[in-house]
1. Could you give the nm distance between label points at residue A:258 and residue A:153, where each point is 7 Å from its Cα heading toward the beta carbon?
2. Given the -39500 (n - 2.57) contribution per DSSP H run of 4+ residues, what per-residue ellipticity at 222 nm results for chain A, rounded to the nearest 500 deg cm²/dmol?
3. Peptides B:68-79, B:223-234: what's the order by average Cβ count within 10 Å, highest mean first?
4. Write down, largest first, the equivalent ellipsoid semi-axes of chain A in whole Å, where each equals the square root of 5 times an eigenvalue of the alpha-carbon gyration tensor.
5. Using a 10 Å cut-off around each Cβ, can you sort A:217, B:55 from fewest to most neighbouring Cβ atoms?
6. With θ set to phi - 60° and the Karplus curve 6.51 cos²θ - 1.76 cosθ + 1.60, what are the ³J(HN,Hα) couplings of the range B:78-89 in order, to the nearest whole Hz, using x for Gly and Pro?
7. Please rank A:35, A:153, fewest neighbouring Cβ atoms within 10 Å first, as an exposure proxy.
8. According to the Kirkwood expression over distinct Cα-Cα pairs, how big is the hydrodynamic radius of the range A:140-260, in Å?
There are 2 protein chains.
Amino acid sequence: MQDNDPLRSAATAPGVSRYGRIAAQLQRKIVDGEWQPGSAIPAESTLAAEFGIALGTIRQAIAVLVQEGLLERVQGKGTFVRNGLTGASMMRFFRFRADTAAPGSFATGIEPGLAIPRSEILSCRAARLDKSMAALFGLDAGARGLAISRRRWLDDKPRLIESIWLPLPRCEPLQRLPRAEWGDLLYPLLASQCGITIHRAVDEVTFRTLDADEASLLDLPDGHPCALVTRRAYDLQGHCAEYRLTRGDAYAFRYQADIR
Amino acid sequence: MQDNDPLRSAATAPGVSRYGRIAAQLQRKIVDGEWQPGSAIPAESTLAAEFGIALGTIRQAIAVLVQEGLLERVQGKGTFVRNGLTGASMMRFFRFRADTAAPGSFATGIEPGLAIPRSEILSCRAARLDKSMAALFGLDAGARGLAISRRRWLDDKPRLIESIWLPLPRCEPLQRLPRAEWGDLLYPLLASQCGITIHRAVDEVTFRTLDADEASLLDLPDGHPCALVTRRAYDLQGHCAEYRLTRGDAYAFRYQADIR
């Protein structure tokens, strides 16, 4: 479906190291579904024999895919294909506190970063993508996408509003899916309905103010400050499969970075 | 000076693996200055002989310290003691644009994330630390610290204001240092004047509004929204050696996170 396949070029490019070429071939097994998410990969010695290479080379190739987050080593159990992206929840950027909670109850409640907000799909329609969005998805100018508007609730309060764009025809199954079957999380849906495993997300955070429509949806005053998270999410092959804008109350924003 | 030395306990604790104990002993060489920042460490075979252990064990121990950011491997050159923290600039949270720059000149200018703002020390005085700050520094209640107020300039505009607390007596040399010798960066100063290598920083970003004094220092209106970065920075032994509050215009805030 895609003309520009980075895996194929890495597997044959003359400038790429031997283990880099093997890494691209192993990645192909994951992308093609030969190695399923969550399953253990064969023993290193088996793979070395299959490719006719030294054990050290297969270890280097596996290390590349561990580094890229496609495989993970589990101490004493083996090497596994990762189950798509974890830790990408928008909630890691916010700390919403239930207004109704008694003082001091915060620390004993559900860890805020782990709570999954309820998702309300406000609209979902096919639309022509603008030129830059089409290019982001690797589609020609004039291509269509799915534009989704979603509101997310926590503690019976509207907390986040999201505008999500997905490429068509890849995500066509979602267009026909009844609202009742969407559930609260998008990525499991992309996997089960469209066969897309989201493997990487790049989030950019800025601050601005809410316009009147946004403020109304979030039950906040017009012009209230908000944190804006702009996300580009990528599948196993490195193609962009989602563009998302998330807005939430700036005063609930909280992010921690650990630098070494 | 410190009663509670995590290195000593890791080096002798019965529950710690052999390579974990060796890692603690190697870390001790860095903390004690036997291995200097920026210098290459001895060959793995030399270290294996020194400790009377297998090459595989020394490699595991080195891997632990690479993981912790104390050592770094340089392809084809060897393993080096890292030169303290890199990539901890507050500027990575902000994108200030020179108002005077010609349109389009942004892309060809200095990479904003790399620019070092000029530092203006507004005040520096010894003061009694509050109880939680003393505890953070591992000091007794009633201990004193150095309270520094600093303003940072870029493109001839005030961009950030910072309140910095440092533990005494560790940072006493800074109290006597003439303002002209401070330079623009704190961590090289902590290293050269106080022998403290900052090795890790934990930054937490939240959002609030500027009070009248802060706004005046930043040449912004009273009540203007600001991003607040709260930093705790740690030395090689894992002791907190700095607490910092940085405030800057919220609309200049920008942070990118890459999740895999």
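1. Here the answer is 3.5 nm between the modelled labels.
2. So the calculated ellipticity at 222 nm is -7500 deg cm²/dmol.
3. Highest to lowest by the protection proxy: B:223-234, B:68-79.
4. Here the semi-axes work out to 38, 24, 16 Å.
5. B:55, A:217
6. Values, residue by residue: x, 10, 10, 6, 6, 7, x, 6, 10, x, 9, 4 Hz.
7. In increasing order of surrounding Cβ atoms, one gets A:153, A:35.
8. Mean inverse Cα-Cα distance, inverted, gives 15.8 Å.
Read-outs: derived from the displayed coordinates by stated rules, not from any lab. Since we're looking at a predicted model, the values are computed, not measured. For neighbour counting, all protein chains shown are included, and Cβ atoms are generated from backbone atoms with ideal geometry for every residue, glycine included.
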